[in-house]
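Okay, structure first, notes after.
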């Protein structure tokens with residue numbers, strides 16, 4: 001892929017549809033995905049990998065079984081592999097995820113919320 | 001490591017010394033490093049890995065042999081592995097780097113600017 005500068009807020013503005021993951025960058029075998037969300041997601045884990053959330057717009061919560069973290073724009077959190085978590089966006093937010101290629105948004109839980117159609121923006 | 005929320009701007013404010021890379025997160029075998037810089041760096045490449053730059057404060061330039069990219073706060077760029085590049089911070093800026101553990105800032109060029117003492121903040 002051609003070398004390019006990616007402006008996170010500009011990319012966020014390009015996303016109009018909720019809950020569709022968009023590819024914005026790749027680093028070796030890692031993908032950087034942007035998603036606009038407004039939902040309480042499902043409990044799941046990724047047995048094979050850590051996963052990073054970075055809030056680009058708005059705010060979100062990341063629930064673990066024993067604790068809930070509040071995240072605002074400009075904040076990131078790493079979910080260790082194998083740890084159950086549930087992202088919660090009570091208001092619309094845009095989040096960048098960083099994880100290895102092939103990591104599913106629903107992890108080990110699967111189901112109809114699984115999004116495998118990743119489009120580059 | 002304990003799960004924690006990392007606020008990039010707050011971490012940037014904690015850095016007073018120039019050109020010392022600080023660890024702020026790990027994702028599998030990848031490290032997230034924050035550095036405050038004001039210098040024109042040296043030409044180098046990383047034969048084994050891509051490298052990502054994300055501007056947290058200020059602005060910078062990333063020079064390739066055939067092109068120079070301007071980056072502002074909130075913008076990222078991926079340097080493909082093996083491609084010569086030179087980061088340039090004419091004014092003070094704070095940048096987050098993402099790359100595999102063990103990647104040296106000077107890549108294949110080495111020399112006295114190599115920083116191997118990474119402290120967590």
Review point. Can you pull out the residues in segment B:29-43 that are crowded, with 19+ Cβ neighbours inside 10 Å and part of a loop (DSSP other than H, G, I, E, B)?
Key: B:41
Review point. Hey, does segment B:32-55 have a residue that's in contact with a helix residue (DSSP H, G or I) (Cβ under 8 Å, 6 or more places away or on another chain) and within 11 Å of chain A (Cβ to nearest Cβ)?
Key: no
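Yes or no: residue B:17 within 12 Å of chain A (Cβ to nearest Cβ) and in a loop (DSSP other than H, G, I, E, B)?
So residue B:17 fails the test.
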Point to revise | Test set (1) assigned to a strand (DSSP E or B); (2) under 10 Å from residue A:21 (Cα atoms) - residue A:115 fails condition number | key: (1)
Review point. Do the conditions hold for residue B:23, that is, is it in contact with a strand residue (DSSP E or B) (Cβ under 6 Å, 6 or more places away or on another chain), within 14 Å of chain A (Cβ to nearest Cβ) and at pLDDT 95 or above?
Key: yes
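The values are calculated or read from the model by the stated rules, or taken from the named source; none is laboratory data. Quick caveat: nothing in here was measured; it's all calculated off a predicted structure. As a convention, Cβ positions derive from the backbone with ideal geometry for all residues, glycine included, and neighbour counts pool all protein chains shown.
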